[in-house]
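To start, the structure under review is shown below, and the notes come after it.
The values are calculated or read from the model by the stated rules, or taken from the named source; none is laboratory data. As the structure is a computational prediction, the values presented were derived from the model and not from experiment. Cβ: placed from backbone, ideal geometry, glycine included. Neighbour counts: every protein chain shown.
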Protein chains: 4
Amino acid sequence: MEYRYLGRSGLKISALSLGGWITYGGHVDEDEAFSCFKAAYDTGINFFDTAENYSAGKAEVILGKAIKKFGWKQNDLVISTKVYFGLNNSAHPERPLNNNGLSRKHVIEGVNQSLARLDLPYVDIVFAHRPDRDTPMEEIVRAFNYLIDSGKTFYWGTSEWSAVEIADAWRVADRLGLVGPLAEQPQYNLLVRGKVEDEFRWLYEKYGTGLTVFSPLKQGILTGKYNGQDAPPPGSRLAEAKDKFTVAYSKTFGNDVWRRELDQVAKLKPLADKLGVTLAQLALAWVLKNPNVSSVITGASRPAQLQENLRALEVAEKLTPDVLKEIDDALGNAFVNPPRRLG
Amino acid sequence: MEYRYLGRSGLKISALSLGGWITYGGHVDEDEAFSCFKAAYDTGINFFDTAENYSAGKAEVILGKAIKKFGWKQNDLVISTKVYFGLNNSAHPERPLNNNGLSRKHVIEGVNQSLARLDLPYVDIVFAHRPDRDTPMEEIVRAFNYLIDSGKTFYWGTSEWSAVEIADAWRVADRLGLVGPLAEQPQYNLLVRGKVEDEFRWLYEKYGTGLTVFSPLKQGILTGKYNGQDAPPPGSRLAEAKDKFTVAYSKTFGNDVWRRELDQVAKLKPLADKLGVTLAQLALAWVLKNPNVSSVITGASRPAQLQENLRALEVAEKLTPDVLKEIDDALGNAFVNPPRRLG
Amino acid sequence: MEYRYLGRSGLKISALSLGGWITYGGHVDEDEAFSCFKAAYDTGINFFDTAENYSAGKAEVILGKAIKKFGWKQNDLVISTKVYFGLNNSAHPERPLNNNGLSRKHVIEGVNQSLARLDLPYVDIVFAHRPDRDTPMEEIVRAFNYLIDSGKTFYWGTSEWSAVEIADAWRVADRLGLVGPLAEQPQYNLLVRGKVEDEFRWLYEKYGTGLTVFSPLKQGILTGKYNGQDAPPPGSRLAEAKDKFTVAYSKTFGNDVWRRELDQVAKLKPLADKLGVTLAQLALAWVLKNPNVSSVITGASRPAQLQENLRALEVAEKLTPDVLKEIDDALGNAFVNPPRRLG
Amino acid sequence: MEYRYLGRSGLKISALSLGGWITYGGHVDEDEAFSCFKAAYDTGINFFDTAENYSAGKAEVILGKAIKKFGWKQNDLVISTKVYFGLNNSAHPERPLNNNGLSRKHVIEGVNQSLARLDLPYVDIVFAHRPDRDTPMEEIVRAFNYLIDSGKTFYWGTSEWSAVEIADAWRVADRLGLVGPLAEQPQYNLLVRGKVEDEFRWLYEKYGTGLTVFSPLKQGILTGKYNGQDAPPPGSRLAEAKDKFTVAYSKTFGNDVWRRELDQVAKLKPLADKLGVTLAQLALAWVLKNPNVSSVITGASRPAQLQENLRALEVAEKLTPDVLKEIDDALGNAFVNPPRRLG
């Protein structure tokens, strides 16, 4: 396993990590989930990512059980969770009110409930799962600092915030002598590059922002398994998923966006073949090559899938500057930033 | 004339203002320039915008002469200039070095030279004409605050900075107890909407950023005078311009971008006709309707052109929510941001 | 016993103190260790120094047991421990990752584990056992302040940091209104003088840095017991030691460095004889004479050794300015700094 | 000419620059000095370094005269001077009192007198010519900030300060929201490497410290002209110099230090021959290769000497990593710092 610092911090995390948005506590049963966690830990993965709303809280419960079951110690692990969408905690899901968003009330109540589900005294990182534009930034920054000061987490981060919101969080933190967000968790893959390569480009040096990126395979599109089809076949995960995020995405099935994405995947196939690797491995390895990425969050329904993903670490070594250029040329979606200092 | 506050400040500026990037000191002769300045002043325009590099410094010289000639007083005017591209100040234009950029040295030396050309003791606003990513933000913020503290300007702003750079300037200013940038000067018109409507959308409330926007007619395209042509006709300003900015733009003449823009202008024609106004008036009036815009900088080679532009103030009153929606529907380039607060 | 303030603080510690890097929990058995602790306490030593990695955690365990066994109260003791090298806490010593260094995670987890081993709710001082140049200084300073704010320690310090790193920690602490490092723990003895007398010379007045120095006898060399030998004789502690630090030092055995050091010890012998004291007592007494030293950490495998060391307090009174000058002349390794203020 | 940023600032200075400690205003007559200044300017050197005590103030007078004579403008120049040793300004040189050191009184009075001698309204950088350990750091930092705030200089720096003093200046500056020292001016050459490569190594990243280094040829030793001699021959500059610095250095003539230095120069000769360059060019080029060096201050008594020095810019391109390693191996005085971040 390769390890990297999470942004400008002293925290070391595995370059590949295990997440599980709708898997653990969801469509994967408990024993299979335990097998995946164990396989991950045994291959040196130390970073496990979850969230209060993954499988309505069940993802946290099962991760906590695994830690107990295998006798793992927190000093050997890096655990992150996320607070924002805590609908499931409310007795009135139709009227979530303060069971949602980034008010001081929900940030603190939500994380206390996450720790209860995980059965842990603290986690390593808590992410703000989305921006909350209705709560003042000062309230948000102070709430996460409260979590740090009270020992419930060591670091805090953001997920799917805009660059200017992250900069604003740092403005508030700097003015008040508080701790700013250490990491951001965006989507990043061969088809979705803008945030990481363009919008965030000034954050890395200015604020030391680290990235733990999700959807490296863009919900499976980058494995090539949907190529040649107008839409996900009945029974496939994309076709069956009922979560809001996938339902929104499903509106593209069969339309121009869908076709354009499959076309781009098709262009990558000859490059993967030439390297003797699968499309999925190429896609994961490509994300690993970005030096601003601290960890690539992968999912796995079976230990075998995880082993398959791990091979991306070796594949990354094959991605020379020439190969990376071939990929950019094939996709035509790279962001080119001008060089900075005097030659 | 209508007046607006410049962002979150007490400074009142005319909603239409007079700029002159390549006109005054350039292709318009001195007497005609004086006539334009006088006509503007007489119709109530109080905000005049220039820059150290407009016509290689001559734009500032002629504006200063006009102020003297007509006996105007600074308390009745709002003058802005911009520092960044001070090639003209160097004895060695081929080696501009510190005559350029936003180092403390050039910000202070450049503005001193601008004031000498204007023959004024101070201006009201100095804009940083572009971001300088090679100079530390703290150096930049401190340099503009020096200008304020030494009485050379009352406010400072930015031009064509990214939202995250503006946020970062505020971070540094807030941390050090200094003054942040009050205004941004971007391009904004019916064809170029992204910065003002999307990227900057959080700045207005957070930092009180005011906008003084340029190119409301997108270099004449929005007057409709190029419609039906593959490229600007010989002799037109777009065809003859030799400045870097227009030369770069000229690469689009005749290509898909050019045609798409002319198509969009064509779609606006029936709407203008229905309102009984020219395309130019519609375009200017539309910019005026954006409440985040403090002033729309217009150019004029003749007083008559200015009078024509001024009618946009009345036209703006005809732009009801329904009409604005028709425009958005015709162009299909609006940015829709979700409503914020509860209720 | 003589007591001194620890740097610029109100904390009073014994000028001689008891440490135990590889002794307690290591080659000295538990009963003998208890005897040493008791003898130290009974002669008025109140400062006991340990570390998370001394004898892989066992040094802390045995010190904690002694405190319980003899019914000592924390208000009569000053206990320090150190965090950095916590390999022993990891289930995977070959992959220590976050069980090491000065990340917020390890500083807090490591000290919590130290307190568990000591079975104490808090210690008086936690030292950062080495600089961690891969963790931002702000993260380090904040982590130690968390320990203070949460009542786990009263003060924090550094060990074997460079002067510029200590100054930088104070810069961060001062900027954020946090507590800087109170004390540094370097090596200091008649043969190793540079850090304390030269590099650190500006720290004492600027930051009030106190010193708790280790290796006053330079691992026994200054007792003279190795003189006349090419290398430590088989069975001696230097010959048998397996720790990394001594193994690195062992590379000098028999070479020029080794011979030069024994030569210097030989030059001290006549001076010790003239004063009627042993070389070890002279060496300890000499360290005590440095007014920037708050405490000299000594080791003892037997109570008798401790009593022998304690005589250094009386010997120190014999070290008049003339005698100190004789020592400097004999060794030729003094640092002479110019006098400062106007005469 | 090659240009570099001065540390972490937006100021661009020539990689080779012209200084003149005992030359201009000293043993070189005015016309020859003017020829040197002109030759420097014409080859693109924009950075000229002087000090209040160089040739008792005459160096500043002659530099000011040259600027007037040739009609140079300050926006095309970067001028630095230094304050500390202003003995010459006192009517009572035997009782300098406040004509010396870094009290607020002398920093401000001294720089005002320097500006009068230069006949300039401001300089670009003022260096504190030595540390003044009798004046509180806060007084020093505030005095230099006064110079910046009152427009007498754009930046301030230090010369021959220790790393911990520079760090302490930053501590004071950060605590008070003031500007810290941008640059340090130390000696640096093939024979004197410790400060730049070892002591200062943490400053570059932490504080963005730039270096303008002096004595790249170590007062001529590195030209090889003294090799084969027990001491500088009568009539040579080293033999005739009467300034305190050279007189102190002269104590080494003929002794072990002298011989060791000449031995090291001799070892460089074959390397210079192999590259087909002079020893002086090799020595200058080697200093240029250090990326932490912003400018190498050279002296010249005649324009021809300057042209000779300028060839070092091309020679630097020949100093490949392999050649640099050969030099390190020959001299045996390189500082090797361990790599930092995780591999």
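Summary of values
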quantity: Residue list for the stretch C:47-82, filter: buried (at least 20 other Cβ atoms within 10 Å of the Cβ), of a type outside the set (A, V, I, L, M) and either within 25 Å of C:Leu313 (Cβ to Cβ) or under 16 Å from the mean Cα position of the chain (by Cα) (or both); calculated: C:Phe47, C:Phe48, C:Asp49, C:Thr50, C:Glu52, C:Asn53, C:Tyr54, C:Ser55, C:Glu60, C:Ser80, C:Thr81, C:Lys82
quantity: Test: residue in the stretch A:276-295 that is assigned to a strand (DSSP E or B) and β-branched (Val, Ile, Thr); calculated: yes
quantity: Of residues in the stretch B:84-103 being in a loop (DSSP other than H, G, I, E, B) and modelled with pLDDT of 90 or more, the one surrounded by the fewest Cβ atoms within 10 Å (Cβ to Cβ); calculated: B:Tyr84
quantity: The listed residue being crowded, with 21+ Cβ neighbours inside 10 Å and of a type in the set (Gly, Ala, Ser), out of C:Ser17, C:Ser35; calculated: C:Ser17
quantity: Qualifying residue in the stretch C:115-128 (condition: part of a loop (DSSP other than H, G, I, E, B), among the charged types (D, E, K, R), at negative phi and more than 10 Å from chain A (Cβ to nearest Cβ)); calculated: no
quantity: Filtered residues of the stretch B:226-264 (kept if in contact with a Phe, Trp or Tyr (Cβ under 8 Å, 6 or more places away or on another chain), within 18 Å of B:Asn189 (Cβ to Cβ) and of a type in the set (A, V, I, L, M, F, W, C)); calculated: B:Leu238, B:Leu262
quantity: Subset of the stretch C:174-206 that is assigned to a helix (DSSP H, G or I), facing another protein chain (nearest Cβ under 9 Å) and of a type in the set (A, V, I, L, M, F, W, C) - its residue that is surrounded by the most Cβ atoms within 10 Å (Cβ to Cβ); calculated: C:Leu203
quantity: Flag if C:Asn309 is in contact (Cβ under 8 Å) with a residue 12 or more places away in the chain, in contact with a helix residue (DSSP H, G or I) (Cβ under 9 Å, 6 or more places away or on another chain), within 30 Å of C:Ala40 (Cβ to Cβ) and in a loop (DSSP other than H, G, I, E, B); calculated: no
quantity: Test for B:His106: is it within 11 Å of another protein chain (Cβ to nearest Cβ) and at pLDDT 95 or above; calculated: yes
quantity: Pairs with Cβ under 7 Å, 6+ apart, first in the stretch D:73-100 and in contact (Cβ under 8 Å) with a residue 60 or more places away in the chain and within 17 Å of D:Ala51 (Cα to Cα), second in a helix (DSSP H, G or I) and not charged (D, E, K, R); calculated: D:Val78/B:Asn98
quantity: Residues being among the polar types (S, T, N, Q) and under 18 Å from B:Arg117 (Cα atoms) - total across the stretch B:1-41; calculated: 1
quantity: Top-ranked residue in the stretch A:153-173 [being of a type outside the set (Phe, Trp, Tyr) and assigned to a loop (DSSP other than H, G, I, E, B); ranked as farthest from the other protein chains (Cβ to nearest Cβ)]; calculated: A:Ser159
quantity: Test: residue in the stretch B:74-82 that is part of a helix (DSSP H, G or I), farther than 22 Å from B:Leu182 by Cβ and not charged (D, E, K, R); calculated: no
quantity: Residue within the stretch D:38-46 that is in a loop (DSSP other than H, G, I, E, B), small (Gly, Ala, Ser) and touching a residue at least 24 places away in the same chain (Cβ under 8 Å) present; calculated: yes
quantity: Residue within the stretch D:210-226 that is surrounded by 18 or more Cβ atoms within 10 Å (Cβ to Cβ), over 15 Å from the mean Cα position of the chain (by Cα), among the hydrophobic types (A, V, I, L, M, F, W, C) and closer than 30 Å to A:Lys206 by Cβ present; calculated: no
quantity: Filter pass, C:Pro291 being at pLDDT 95 or above, surrounded by fewer than 12 Cβ atoms within 10 Å (Cβ to Cβ), under 19 Å from the mean Cα position of the chain (by Cα) and more than 14 Å from chain D (Cβ to nearest Cβ); calculated: yes
quantity: Residue satisfying condition, being more than 16 Å from the chain's Cα centre (by Cα) and without any contact (Cβ under 8 Å) to a residue 12 or more places away in the chain, within set A:Lys152, A:Lys251; calculated: A:Lys251
quantity: Residue in the stretch C:235-254 that is of a type in the set (Lys, Arg), out of contact with any Ser or Thr (no Cβ under 7 Å at 6 or more places or on another chain) and either within 14 Å of another protein chain (Cβ to nearest Cβ) or crowded, with 22+ Cβ neighbours inside 10 Å (or both) present; calculated: no
quantity: Any chance C:Lys152 is surrounded by fewer than 23 Cβ atoms within 10 Å (Cβ to Cβ), farther than 30 Å from C:Leu310 by Cα and among the charged types (D, E, K, R); calculated: yes
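One line per residue, one yes/no per condition, for (1) at pLDDT below 95; (2) touching a strand residue (DSSP E or B) at 6+ places or on another chain (Cβ under 8 Å); (3) among the polar types (S, T, N, Q):
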site: C:Leu279; (1), (2), (3): no, no, no
site: C:Ala283; (1), (2), (3): no, yes, no
site: C:Arg302; (1), (2), (3): yes, no, no
site: C:Ala312; (1), (2), (3): no, yes, no
site: C:Val315; (1), (2), (3): no, no, no
site: C:Asp322; (1), (2), (3): no, no, no
